[in-house]
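Chemist: First, the structure itself, so that you have it in front of you.
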Amino acid sequence: MSSRLVIVANRVPNPKDRGATAGGLAVALHDAVAQREAMWFGWSGQTAEATAERPAEVVQGRLTYATLDLGREAYTRYYQGFANAVLWPTLHYRLGLARFQREDYIGYRAVNAAFAAALAPLLRPGDLVWTHDFHLFPFGRELRRLGCTQRQGFFLHVPFPPFGLFCALPRAEELLADLAAYDVIGVQTEDDAANLRGALEAVGQGEAARRVAAFPVGIDADAFLRLAERALSRVETRRFEQSLVGRALVMGVDRLDYTKGLPQRFAGYAQLLARFTTNRGRATYLQVTPVSRGDVAQYRSLRRELDEWAGRINGQYAEPDWVPLRYMTRPVQRPVLAGFMRLARVGLVTPLRDGMNLVAKEYVAAQNPADPGVLVLSRFAGAAPSMPGALLVNPLDPDEIAESLDAALSMPREERVARWQANRPAVWEASARAWSQSFLAALEG
Ligand code: ADP
């Protein structure tokens, strides 16, 4: 019998969200959780007067959800403050956006300690504990302080920058010592692994550096392909396709986040229309970008900037019967998105920095193998090294984005098929299942 798997994450999926509505991590861990007794442990997504001491539990067969409400002060300091306003920008190489305040750091550590104290009494001797992402660097060491000796793994979903950048973060050394408490330390790419090893070695944690390995996260490509194929008969997809009146679709799907390179991407599309004029009236760009973290100041100003770009592009280039850019900040359901991706001649994915970027993999999975679209991909996405068929761009260079868009929009079918074939292994073989299996194999030792 395999040991129980305890998954610790900032956000625990809602037990009611299954299948198509489930979020990324829940989808990626679906198989791992289905095959053994398991527990999800973490934040409920709700705030309360004070952080709960004992988790609320929901049991569904062999799966338990144990969640804690966060105190309002803890939410501000731990979640909005240190995790989202310091670690998120720093780990994405954006030191200039980090807003360090010592009280936030103290709050971050306090929440990690409180979460560990709430989980410790629920742990059994043979459990495997798998902790996720930058919200929880100190969690494993806090469990160890409470005497928990279970095998513990950590996976970082976002990039890890070179030490020269990371060490500018106040308390960088303490955070690296936190990571050293885990038995397996997973990151997305070989570059991230080299950076993290370098950082651990630089602070005298050379032994922990040997426990770092890359486990590229993936998707369930067959399931996404089925979703995309089925979407073709949905009324939303058919109406959308009719609205294109035969124009080639360029599509972008991202959370509204400054790591996604959206202003530069809009500038790239504007350059396409300015320089490669045959595309005017022939292409339509749909960007779906639901607002996230709307309560953080930097996200509000990004939103204004994108509103301006969209207005400027459409004001300058629109015709009475053609809108060059369709920009949406409302969320779109996953099955509908899958159908739109299937229709898109170009998937435009240009983050300035991204741990992996699952949208790139979803776009490839959704294509018709006989007549696929072209992926235009940032070379700073974790997915880039495994996508030899993509047109790689520097996301900071709008001219290069425009040139690649023009190449993609005029690419003959044989070349599109060959490029799609070259991307296929990264999507079907480096799958969600392969990711969780290989990490768990390492964790089981
Ligand atoms: P991140 O985790 O930074 O948001 P990823 O590309 O790795 O970036 O993962 C994003 C996930 O969220 C993908 O599965 C994608 O399909 C989904 N997603 C992104 N934008 C939307 C949207 N507008 N509506 C629904 N799902 C979205």
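The values are calculated or read from the model by the stated rules, or taken from the named source; none is laboratory data. All figures in this text were calculated on a predicted structure; none of them were measured in a lab. Cβ placement follows ideal geometry from the backbone for every residue including glycine, while neighbour counts extend to all protein chains displayed. Each accessible area value is taken on the protein alone, full model and side chains, heavy atoms only, with ligands, DNA and RNA left out. Shrake-Rupley method; radii C 1.70, N 1.55, O 1.52, S 1.80 Å.
Chemist: Please verify whether residue 228 is within 16 Å of the ligand (Cβ to nearest atom) and surrounded by 23 or more Cβ atoms within 10 Å (Cβ to Cβ), treating the condition exactly as stated.
Modeler: It is true that residue 228 is within 16 Å of the ligand (Cβ to nearest atom) and surrounded by 23 or more Cβ atoms within 10 Å (Cβ to Cβ).
Chemist: Is there any pair with a first residue in the range 317-335 that is charged (D, E, K, R) and a second that is within 16 Å of the ligand (Cβ to nearest atom) and open to solvent by less than 70 Å² (accessible area, probe 1.4 Å) whose Cβ atoms are under 8 Å apart and which are 6 or more apart or on different chains, and what are they?
Modeler: Correct list of pairs: 326/285; 326/286; 326/287; 330/290; 334/20; 334/227.
Chemist: Based on this model, can you work out whether residue 335 counts as assigned to a helix (DSSP H, G or I), surrounded by fewer than 23 Cβ atoms within 10 Å (Cβ to Cβ), under 21 Å from the mean Cα position of the chain (by Cα) and away from the ligand (no atom under 14 Å from the Cβ)?
Modeler: No; evaluated as a whole, the condition is false for this residue.
Chemist: Are there any helices (runs of 4 or more DSSP H) wholly within the range 202-258 with 1 or more residues that are under 17 Å from residue 332 (Cβ atoms) and either among the hydrophobic types (A, V, I, L, M, F, W, C) or touching a Cys at 6+ places or on another chain (Cβ under 7 Å) (or both), and if so which?
Modeler: Output list reads 221-231, 235-244.
Chemist: Just give me the residues in the range 240-265 being away from the ligand (no atom under 16 Å from the Cβ) and of a type outside the set (D, E, K, R), in sequence order.
Modeler: Within the range 240-265, 242, 243, 244, 245, 246, 248, 263, 264 qualify.
Chemist: Between a first residue in the range 187-215 that is farther than 19 Å from residue 173 by Cβ and a second residue that is open to solvent by less than 10 Å² (accessible area, probe 1.4 Å) and polar (S, T, N, Q), which pairs have beta carbons less than 7 Å apart while being 6 or more apart in sequence or on different chains?
Modeler: That search, which allows pairs on different chains as well, returns 214/188.
Chemist: Among all residue pairs at least 6 apart or on different chains, which show Cβ distances below 9 Å where the first residue, located in the range 281-301, is away from the ligand (no atom under 16 Å from the Cβ) and the second is polar (S, T, N, Q)?
Modeler: Correct list of pairs: 284/243; 295/80.
Chemist: Within the bounds of the range 60-79, is there any residue that is crowded, with 16+ Cβ neighbours inside 10 Å, under 30 Å from residue 164 (Cβ atoms) and within 19 Å of the chain's Cα centre (by Cα)?
Modeler: Within the range 60-79, one or more residues are crowded, with 16+ Cβ neighbours inside 10 Å, under 30 Å from residue 164 (Cβ atoms) and within 19 Å of the chain's Cα centre (by Cα).
Chemist: Inside the range 399-445, can you point out the residues that are in contact (Cβ under 8 Å) with a residue 60 or more places away in the chain, open to solvent by less than 60 Å² (accessible area, probe 1.4 Å) and not in a helix (DSSP H, G or I)?
Modeler: If the condition is that a residue be in contact (Cβ under 8 Å) with a residue 60 or more places away in the chain, open to solvent by less than 60 Å² (accessible area, probe 1.4 Å) and not in a helix (DSSP H, G or I), then 430, 431 are the ones that fit.
Chemist: Quick check on the range 353-367: of everything there that is more than 6 Å from the ligand (Cβ to nearest atom), within 14 Å of the chain's Cα centre (by Cα) and not aliphatic (A, V, I, L, M), which residue is farthest from residue 377 (Cα to Cα)?
Modeler: Looking at residues that are more than 6 Å from the ligand (Cβ to nearest atom), within 14 Å of the chain's Cα centre (by Cα) and not aliphatic (A, V, I, L, M), I get 355.
Chemist: Still on this structure, I have one more. Filter the range 317-332 for residues that are outside any loop (DSSP other than H, G, I, E, B) and not acidic (Asp, Glu) and give the result.
Modeler: 317, 322, 325, 326, 327, 328
Chemist: Given the conditions (1) surrounded by fewer than 18 Cβ atoms within 10 Å (Cβ to Cβ); (2) more than 26 Å from residue 381 (Cα to Cα), and given that residue 237 satisfies all but one, which numbered condition is not satisfied?
Modeler: Failed condition: (1).
Chemist: Exactly one condition in (1) buried (at least 21 other Cβ atoms within 10 Å of the Cβ); (2) touching a Leu at 6+ places or on another chain (Cβ under 7 Å) is not met by residue 135; state its number.
Modeler: Going through (1) buried (at least 21 other Cβ atoms within 10 Å of the Cβ); (2) touching a Leu at 6+ places or on another chain (Cβ under 7 Å) one by one, residue 135 breaks only (2).
Chemist: Still on this structure, please answer the following. Given the criteria closer than 19 Å to residue 354 by Cβ and assigned to a helix (DSSP H, G or I), does residue 278 qualify?
Modeler: Taking the combined requirement at face value, the residue does not satisfy it.
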